[in-house]
1. Within region 123-144, restricting attention to residues that are within 16 Å of ligand 1 (Cβ to nearest atom) and of a type in the set (A, V, I, L, M, F, W, C), which residue is surrounded by the fewest Cβ atoms within 10 Å (Cβ to Cβ)?
2. Quick check on region 13-23. Is at least one of its residues buried (at least 19 other Cβ atoms within 10 Å of the Cβ) and within 16 Å of ligand 2 (Cβ to nearest atom)?
3. Condition first: in contact (Cβ under 8 Å) with a residue 60 or more places away in the chain and either farther than 23 Å from residue 37 by Cβ or assigned by the TED database to the domain that holds residue 38 (or both). Now tell me which residues in region 81-114 satisfy that.
4. Evaluate the following for residue 39: is it within 16 Å of ligand 2 (Cβ to nearest atom) and over 14 Å from the mean Cα position of the chain (by Cα)?
Amino acid sequence: MAFKLNVNGKVLSADVDGDTPLLWVLRDTLGILGPKYGCGVAQCGACTVHIDGAPMRSCAIPVEGLGQSKIVTIEGVGASAVGKKVQQAWSELDVAQCGYCQAGQIMSATALLAEKPKPTDADIDEAMAGNLCRCATYTRIRAAIKLASGQKTEA
Ligand code: FES
Ligand code: FES
């Protein structure tokens, strides 16, 4: 079945079964490779994208329910002022190690800052709890979120 998806501000067509998870459509059909496959069962956050501004696990969202929701991936997040600031902070603090989880981390961090421009440590812990990092870059992630929010950071 043909679906029209609004991804990073463009309407793209995908001819797939309706129960195909968005992550597979993005990567295998549309060639948008930023969102990563980690667990496939909404447990790791590597596949996180924004759907109408909310951070969502694209591995667990069937494409048929999306309609014209606005989907943003790591490839498009820098188009917003908040996303750009987050990417700059990530780069400045050299957050990534292997990098595999980082697209998902940036998507969750950007959604947090869009909602709460000055998050507390508890806000950060809550918002980022579902994004795992096997390289344990958590300290730098927190510092980068603080930096992007204009708060003092010790990193
Ligand atoms: S791949 Fe989607 S949450 Fe792990
Ligand atoms: S940087 Fe390697 S998994 Fe997070």
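1. 129
2. no
3. Correct list: 82, 85, 88, 93, 114.
4. Judged against the criteria, residue 39 is a match.
The values are calculated or read from the model by the stated rules, or taken from the named source; none is laboratory data. These figures come from a predicted structure and were not determined experimentally. Cβ atoms come from the backbone with ideal geometry, glycine included; neighbour counts cover every protein chain shown.
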